[in-house]
Structures are given as structure tokens and as C-alpha cells.
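For reference, the structure discussed in these notes is given below.
The values are calculated or read from the model by the stated rules, or taken from the named source; none is laboratory data. The shown structure was predicted, so the numbers you read here are calculated from the model rather than taken from an experiment. Don't worry about glycine lacking a Cβ; one is built from the backbone with ideal geometry, like all the others, and counts go over all protein chains shown.
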Amino acid sequence: MGNSNNTNKIIGALAVGAAVGAALGILFAPEKGSETRKKLASKGQDLSDAVKEKAQSLLEKFKEKEEMIEEKTNEFIAKGKAMKEQYKTS
């Protein structure tokens with residue numbers, strides 16, 4: 001659980017840092033207000049897409065881990081049942 005929490009913190013920090021950096025870069029650029037708003041909207045959409053992509057990637061990794069844990073649990077249960085049967089017949 002701790003690893004997941006650290007990952008979420010890192011993603012959040014990266015998202016905030018990217019948003020602040022993009023906003024500051026655009027706000028200090030010598031352009032018209034309409035151009036600045038367009039750039040902000042574009043950067044916001046880019047950031048949103050990047051966060052969605054990262055979240056999807058993490059979700060896939062979690063699903064893979066879940067499947068692996070389920071498989072190992074089933075193997076462990078099967079071995080336990082086999083041992084139980086072996087001791088019953090002994």
C-alpha cells in the first residue's frame with residue numbers, strides 16, 4: 001500500500017509542477033490575451049491527457065499484479081489441499 005501512495009504523490013507533484021511551469025511560461029510570454037488563453041487551454045488539455053495516460057498505465061500494472069497474486073494464491077491453496085490429502089491417506 002505504501003508504494004501506491006508514493007506513486008500517487010509523485011504523479012500529483014509532477015502534474016502540479018508541469019501545470020505551474022506551463023502557466024508561468026505562457027503568462028510571461030509577450031502575446032495577446034487571446035493567444036495566451038488558447039495556449040493555456042492547449043497546455044491544460046495536454047496535461048490532462050498525460051495524467052489520463054499515466055493513470056491508465058498504472059491501472060494496467062495494478063491489474064497485472066492482482067492477477068499474479070490471484071494465481072499465486074490459487075497455487076498455494078492447491079498445494080495445501082494436496083498436502084492435506086496426502087496426510088489423510090498416510
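Things worth noting here:
- Lone qualifier among Ala19, Ala15, Ala78 - being free of Cβ contacts under 8 Å to residues at least 60 places away in the same chain, in a helix (DSSP H, G or I), surrounded by 10 or more Cβ atoms within 10 Å (Cβ to Cβ) and touching a Leu at 6+ places or on another chain (Cβ under 6 Å): Ala19
A quick yes/no check of all residues on (1) without any contact (Cβ under 8 Å) to a residue 40 or more places away in the chain; (2) surrounded by 11 or more Cβ atoms within 10 Å (Cβ to Cβ); (3) part of a helix (DSSP H, G or I):
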residue: Lys38; (1), (2), (3): yes, yes, yes
residue: Leu47; (1), (2), (3): yes, yes, yes
residue: Val51; (1), (2), (3): no, yes, yes
residue: Lys54; (1), (2), (3): no, yes, yes
residue: Glu60; (1), (2), (3): yes, no, yes
residue: Glu64; (1), (2), (3): yes, no, yes
residue: Gln86; (1), (2), (3): yes, no, yes
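- Scope the stretch 50-90; condition closer than 18 Å to Thr7 by Cα and of a type in the set (D, E, K, R); matching residues: Lys52, Glu53, Lys54, Glu60, Lys61, Lys63, Glu64, Lys65, Glu66
- Selection count, the stretch 1-21, where residues are closer than 12 Å to Gly44 by Cα and at pLDDT below 75: 0
- Filter pass, Leu27 being under 26 Å from Asn8 (Cβ atoms) and hydrophobic (A, V, I, L, M, F, W, C): no
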